[in-house]
Amino acid sequence: MYAIREAVAAIRRAPVLLVLSAAMVALALYVVGLFAVATYNLHEALGRIEERVEVVIYLRDDARDEELRLLEEDLAGMDEVLRVRHFTKDDALARARADLPEFEDLFRDLDVNPLPASLEVELVPGFRTPEGVARVAGRASIYPSVEDVRYGDEWVDRLYLLRRIGGIATAVLGAAFGAVAALIIATAVRIALFARREEILIMRLVGATNGFIRRPFLLEGALTGLIGGLLSAALTYASFHAVSTLIFRLEWIPIEWVVTGVVSGGLFGLVASAFAIQKYLREI
Amino acid sequence: MIKLSHVTKEYPRRGKALDDVSFEVAKGEFAFLTGHSGSGKSTTLRLLHMADWPTEGEVRICGFSSELTSPREVWKLRRRVGFIFQDFRLLPGRTALQNVAFALEVTGTPRREVLERANRLLAQVGLASKAGALVNELSGGEQQRVSTARALVNEPLALLADEPTGNLDERASRGIMELFRDLNARGMAVLMATHDLELIRAYPGIRVIELNQGRLAFDSKAAGSGDRDRGEG
C-alpha cells in the first residue's frame, strides 16, 4: 500500500521525469514496433508466395488406374504433403480454355486432347523448401506412369534463400533493436533514480529495509515501461496507418505482438529499476 | 550505550582516519565530540551508525555490535538510534509533517498512528504551527528542528548529531542545544560532533571528547571535570 502511495506521490511530484523516461522508452520501443510491422508484412508476403509452391506431376496417357491410385496414396502418406488433387485430361482442357481464352478456337477444333492429366501436390507449410519439394518430386518420378514432374526448382531455391536471409536479418536486427531498447530503458530508469538518490539515502538513514525502499521504485520503473510501451504501440499504429493509407497497404501486426511489446516494456522497466536500485543500495 | 573499543579505521588511500580510539558514552549522558577538520569526528559517527565498519576494534551502540551486525541488518540499528546532520537531509518538496511521517512510514507504522505521532513530535520541537509548510520554505533552525523531530519518531535510545548547528546562526544553535538538553534530561544519550568551541564553552557541564589526527586527544570525563578546559584549546 505504501509502495503504491509513494510511487503515485513521486510521479505527482515530478511528472516531467516520468513523462521524459516514458518518452525515451516509447521511442526505443517505437523502433522495435516499426521493425515488427515491416518484418510481419515481409513474412506475410513471402508466406503468400510460398503458398504457391507446389509439385505438379504430369501423367502419361496410358497410366493405369491402379498405379495412379497407388501413387496418390503414396504421396498423400508423405509428411510433406498437405493435399493431392487429381486433374484429368478433360479438367486440363477446361482449365486451359478458361485460362487462355485467346486460344479458344484452337482448343475447339481439337480431335484429340493433347493435354496430360496431372496430380497437383500441395505441401505442408514448413516443407515448402527446396528439399521438401525435391523429396516429393523424387518419390513421384519413380512411378512409370509419371511423364514429368515440375516444381519451379529455381524460384523455390530463390524464395527459400530470401526467406532464410529474412529470418536471419529479423533475428539479428530484432535482437539488436531489443538490446538497444533495453539499454535505453535502463538508462531512463537510472536517470530517474539518480534524481532521487537523496531520497534513497534518507530512507536508509531512517531505517527502511532494502525491500521497502525498492518497492515504490520497482513499481515506478514498471509503470514507466508500461506507459512507454503503450505510447510506442500508439506511435507505431499511427505510422502504420499513415503508410497504409498514403503509400501502400500493410497488414497490422497480431494483437499478441502488441501485448508482448507493451508487457516487455513494463518488464524491462522493472528489471532495469531492480538493477539500478541494487547499485544504489550497495553504494549508500 | 555507545562504546568504541580500540577502534582503528584505515582507508586504502587516505590512511588511518581513526587510530586505536576507545571511549564510552553511558545511558543518559551528553557528550561533545570535537576536533579539527580531519580529526576523525565524522568517521566516528559513520562507524556508529554503521555506514562503515572499523578495520580493527569494535563499535557498540544500543546493543548492536559492529562485529555482529551485517550491512543487511543495519536498518534495525537505525530504528533505535536517531541521526541528525549538518545539512538536515530533509526531503525537499515535502512538508515538515511529511518529512517526519516518512521516517515512521518506512517502519510500517499504521497510517493513522503516523500522522498522530508526527504531529506530536513537531509540537515537541516547537514547530506545530509549521507542520504544513514545505521544508525548503523553513529557516535553517526550523529545518534542523524538523530533522530532530524525524530522528525522534522511533523513540531512539541514543541521538547522534554531526555538526547539527554548523549551518545555523547563534540563536538557532542555542534553540537546538536546548532541545537536545531537554531530550538528554529525559534519559537519551546524546553524542554531538562539533568544532564550535564557543558552543562548547557555553555548556560547561557537558562532557568533551576530543580527537586529533584520528587519536583520542582528550576526554574530560577521564581527566576529571575540573580539567575540561584543556579540551577546548
Q) Near the amide H of B:Phe218, under 5 Å away, which other amide H atoms are found, from residues 5 or more places off or on another chain, if H is placed in the peptide plane? A) B:Glu210
Q | Local net charge near A:Glu67, Cβ-Cβ under 12 Å (Lys/Arg +1, Asp/Glu -1) | A | -3
Q. Across 10 Å bins from 0, what is the distribution of all Cα-Cα pair distances for the protein assembly as shown, in whole percents?
A. 4, 14, 17, 14, 11, 9, 7, 7, 6, 5, 4, 2, 1, 0
Q: List the relative contact order of chain B as a percent without decimals, with contacts defined as Cα pairs under 8 Å and 6+ residues apart.
A: 28
Q.
Could you order the peptides A:55-64, A:155-164 from most to least packed, using the average number of other C-beta atoms within 10 Å per residue?
A. A:55-64, A:155-164
Q. Convex hull over the alpha-carbon atoms of region B:4-143: what's its volume per residue in Å³?
A. 151
Q: Please compute the Cα-Cα pair-distance distribution of region A:9-154 with 10 Å bins starting at 0, giving whole percents from short to long.
A: 10, 26, 22, 14, 8, 8, 7, 5, 1, 0
Q. So how much accessible area does B:Val81 have, in Å² to the nearest 10, using a 1.4 Å probe?
A. 0
Q: Net charge near B:Lys130: determine it from the other residues with C-beta under 15 Å of the C-beta of B:Lys130, scoring Lys and Arg +1 and Asp and Glu -1.
A: +2
(Q) At 7 Å along Cα-to-Cβ for each site, give me the label-to-label distance between B:Asp182 and A:Val259 in nm. (A) 6.1
Q | Added length on full extension, which subtracts the Cα-Cα distance from 0.36 nm per residue, A:Ala171 to A:Lys279 | A | 35.7 nm
**Q.** Probe 1.4 Å, protein heavy atoms only - accessible area per residue of chain A in square angstrom
**A.** 56
**Q.** Heavy-atom accessible surface that A and B bury in contact, both chains counted, 1.4 Å, Å² to 100
**A.** 1600
Q) Any idea what the relative contact order of chain A is, in percent, if you count C-alpha pairs under 8 Å spaced at least 6 apart? A) 31
Q. Counting only heavy atoms of protein chains, what accessible area per residue, in Å², does chain B have with a probe of 1.4 Å?
A. 45
(Q) Report the Cα centroid-to-centroid distance between region B:26-85 and region A:219-276 in angstrom, as an integer. (A) 49
Q.
Can you tell me what share of the DSSP beta bridges in the protein assembly as shown is antiparallel? A percent to the nearest 5 is fine.
A. 65
Q) Under the definition of partner shielding as Cβ atoms of other protein chains within 10 Å of a residue Cβ, what is the mean value for peptide B:98-109? A) 4
(Q) Whole percent per 5 Å bin, from 0 to the bin with the longest distance: what is P(r) over all C-alpha pairs of region B:95-217? (A) 2, 11, 20, 21, 19, 13, 7, 5, 2, 0
Q) Across the protein assembly as shown, how many lysine pairs, 8 or more apart or on two chains, come within less than 16 Å at their alpha-carbon atoms? A) 6
Q. What Kirkwood hydrodynamic radius do you get for chain A when you take the inverse of the mean 1/r over all pairs of distinct Cα atoms, in Å?
A. 23.8
Q: Measure off, as a whole percent, the carbon and sulfur share of the 1.4 Å-probe accessible area of chain A, all protein chains present.
A: 64
**Q.** Label point distance in nm, A:Asp109-A:Val16, each placed 7 Å from Cα along Cα→Cβ
**A.** 8.8
Q) Taking each residue of A:191-201 in turn, how many C-beta atoms of other protein chains fall within 10 Å of its C-beta, and what is the average? A) 1
Q.
Counting only other residues whose beta carbon sits under 14 Å from that of A:Ala98, what net charge do I get with K and R as +1, D and E as -1?
A. -2
Q: Quickly work out the B:Ser22-to-B:Ser37 label distance, labels modelled 7 Å from Cα along the C-beta direction, and quote it in nm with one decimal.
A: 3.3
Q. Which value, in Å² and to the nearest 10, is the accessible area of A:Met203 when all protein chains are kept and the probe is 1.4 Å?
A. 0
**Q.** Full-extension gain in nm, B:Glu56 to B:Ser129, via 0.36 nm per residue minus C-alpha separation
**A.** 21.5 nm
Q | Residue mean of other protein chain beta carbons inside 10 Å, B:71-78 | A | 4
Q | Potential lengthening between A:Leu183 and A:Asp148 on full extension [0.36 nm per residue; Cα-Cα distance subtracted] | A | 6.9 nm
Q. Based on the Kirkwood radius over alpha-carbon pairs, what is the Stokes-Einstein translational diffusion coefficient of region A:155-284 at 25 °C with 0.890 mPa s viscosity, in µm²/s?
A. 142
Q: Specify the angular offset, from 0 to 90 degrees and rounded to the nearest 10, of the alpha carbon long axis of helix A:15-50 from the longest principal axis of the alpha carbons in chain A.
A: 10
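The values are calculated or read from the model by the stated rules, or taken from the named source; none is laboratory data. Just so we're clear, the structure is a prediction, and the values are computed from it rather than from any experiment. Cβ coordinates were reconstructed from backbone atoms using ideal geometry, including for glycine residues, and neighbour counts include every protein chain displayed. Side chains are part of the model used for accessible areas, which takes the heavy atoms of the whole protein and leaves out ligands, DNA and RNA. Shrake-Rupley method; radii C 1.70, N 1.55, O 1.52, S 1.80 Å.
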